[in-house]
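This is the structure I want to talk about, given as structure tokens.
No lab work stands behind these numbers, since they all come straight from the coordinates. Being a predicted model, the structure only gives us computed values, none of them experimental. Don't worry about glycine lacking a Cβ; one is built from the backbone with ideal geometry, like all the others, and counts go over all protein chains shown.
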Amino acid sequence: MAYSDKVMDHYDNPRNVGKMDDMDDSVGTGMVGAPACGDVMRLQIKVNDAGIIEDAKFKTYGCGSAIASSSLLTEWVKGRTLDEAASIKNTEIAEELALPPVKIHCSVLAEDAIKAAVKDFRAKHAADQQTAVAVGE
Amino acid sequence: MKLPIYFDYAATTPVDPRVAQKMSECLLAEGNFGNPASRSHKYGWEAEEAVELARRQVADLVNADPREIVWTSGATESDNLAIKGVAHFYKNKGKHLITSRIEHKAVLDTCRHLEREGFEVTYLEPGSDGIVTPEQVAAAIREDTVLVSIMHVNNEIGVINDIAAIGEVCRAKKVFFHVDAAQSAGKIDIDLEAMKVDLMSFSAHKIYGPKGVGALYVRRKPRIRLEAQIHGGGHERGMRSGTLATHQLVGMGEACRIAKAEMHEEQIRIGALRERLWQGLQDIEEIHVNGSFDKRVSGWLNVSFNYVEGESLIMSLSDLAVSSGSACTSASLEPSYVLRALGLNDEMAHSSLRFSVGRFTSEEDVDYALAKIHLAVNKLRELSPLWDMYKDGVDLTKIEWAAH
Ligand SMILES: Cc1ncc(COP(=O)(O)O)c(C=O)c1O
């Protein structure tokens, strides 16, 4: 299997590898995939009060293309709003990394991961608002 | 050091220089290039002499009679000739065959083909150690069973079956017994005078001979008959037609001669290299040996690294020529059927590596590999959310994964 230079670059020097505290209110976590399918991605975002993604971290169990897709994504989402991040398309990732057709699913997984992280963050805050209302009553 | 370092002697071996020398003497006009079937001149006679010497060398390696050796193009053809040859010849006696799930495709696919022709095949499940027992074989034999085909050494895990004991079972029940010995001949002792094996397949390129040549042992007493699969000039007593490839056969003969002379010493050296590799891997957590550790040929190790994905592992080990059980490296995009048959889950089958060392492997090669493997496994676990979870004490089997 031949890998593109960009995949190799992310694979050799993955960006933003790490883990954030998923209990932290400012953190949204998306974990997608399954070990039996050969890839699991965990993508985490840290969101500031203005609703901008300040930081992002990932860990991925998977092939080189899956690692590169998630590494690239952490770079892309930093500095974006939640809506902007959630609208990143897998085709943009696949194109940037020149993924071959058999590896397109890696970019799909990355798209799923950021959507899941945004959803998790929003769910946490929806709960906050509800408790705030409840306390106010 | 030549990179990538070769750790795939189970796939094939380089030709020994002594073998190459003998082969090269059978090619040119001034060499022994004649057709061994030419009966009317010296070129033919000399070629025939060389081929018959080679036949004796193959027979000597396994304590057989040279008249019991039929030349073929390799173990694939030998397996085909043995299994189809017996099934077709004895089809009026019965149409049931027995083999195992972890045979080489040359056996499995041949059996599938016979099933399409109306034969019935029982596929024995090996234990988690990769071994098929004589008891299993005995229990599967029926009135209409004509042939049992069980490999001696498995090509993926290197585990050794007790073919002497299985042979006793088959002989007692009057069922023919074929053994694929492509991976065992020249590595462990085989005595066909003592063992009750009727047919045995060999390949030259696993023992430092050339690719494209092999042999089938066909027992004379008690006699077993075969229906030819390749028809033509009636070479090899009608069992396999085609002009004999003198240089190939001479190469296989010389490879067998060297194996017989040097096997015991060589296996000790190779065993020490494998042990060095295994000891060097001991400090890696969550590593599993696939197949029985004790009942295996000396040069091989098949290991899985938990929480590391197979394709990225191979990617990080590009300086090592190893084989992988990962789907990504197989033509079928399925993880190894052999490892699956041992009960490994997909993840463990994906993250398996087969190391096989051989005649030209050095201690430095092994040490270099160990350093690379440590780097790769550490890096990938550092990157793995599954490793994090394992370290945090999360039971991964209890998580509901969203399969995609
Ligand atoms: C167990 C076994 N049987 C058969 C074969 C096929 O041998 P050949 O390549 O000589 O056809 C191999 C090697 O690939 C093997 O390992």
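Provide, as a two-decimal number, the C-alpha radius of gyration of chain B over 2.2 N^0.38 Å, N being how many residues it has.
Chain B yields a ratio of 1.05.
Distance cut-off 24 Å, Cα to Cα: go down the list B:Lys91/B:Lys295; A:Lys59/B:Lys2; B:Lys174/B:Lys211; B:Lys42/B:Lys211; B:Lys105/B:Lys187; B:Lys105/B:Lys379 and report the pairs above it.
Details: B:Lys91/B:Lys295 35 Å; A:Lys59/B:Lys2 34 Å; B:Lys174/B:Lys211 35 Å; B:Lys42/B:Lys211 28 Å; B:Lys105/B:Lys187 21 Å; B:Lys105/B:Lys379 35 Å.
Where the Cα-Cα span goes over 24 Å, the pairs concerned are B:Lys91/B:Lys295; A:Lys59/B:Lys2; B:Lys174/B:Lys211; B:Lys42/B:Lys211; B:Lys105/B:Lys379.
At q = 0.11 Å⁻¹, what is the log10 ratio I(q)/I(0) for the protein assembly as shown, with the Debye formula run over Cα points and no solvent?
Here log10 of I(q) over I(0) equals -0.98.
Continuing with this model, one more query. Within a 10 angstrom radius of each residue's Cβ in B:380-387, how many Cβ atoms of other chains show up on average? Whole number is fine.
Per-residue shielding by partner chains comes out at 6.
May I ask you to derive the relative contact order of chain B, considering only C-alpha pairs under 8 Å and at least 6 residues apart, and to give it as an integer percent?
21
Same structure again: Considering all alpha-carbon pairs of segment B:1-126, what whole percent are spaced by more than 18 angstrom?
Tail of P(r) above 18 Å: 70 percent of Cα pairs.
222 nm [θ] for chain B, helices only, -39500 (n - 2.57) per DSSP H run of 4+, per residue, to 500?
-12000 deg cm²/dmol
Alpha carbons only, please: Rg and Dmax for segment B:103-197, in angstrom.
Here Rg and the maximum Cα pair distance are 13.0, 37 Å.
Still on this structure, I have one more. Which of A:Thr81, B:Thr110 comes first, and how do the rest follow, when ranked by fewest Cβ neighbours within 10 Å?
A:Thr81, B:Thr110
Which of B:Glu156, B:Glu48, B:Glu275 comes first, and how do the rest follow, when ranked by fewest Cβ neighbours within 10 Å?
Numbers: B:Glu156 25, B:Glu48 18, B:Glu275 13.
Sorted ascending by nearby Cβ count, the order is B:Glu275, B:Glu48, B:Glu156.
What is the average number of partner chain Cβ atoms found within 10 Å of a Cβ in B:392-402?
On the way: counts 1, 0, 0, 0, 2, 1, 0, 4, 1, 8, 7.
Across B:392-402, the average partner-chain Cβ count within 10 Å equals 2.
Okay, next question. Counting only other chains, what is the mean number of Cβ atoms within 10 angstrom of the Cβ of each residue in peptide A:56-65?
Rounded to a whole number, the mean comes out at 6.
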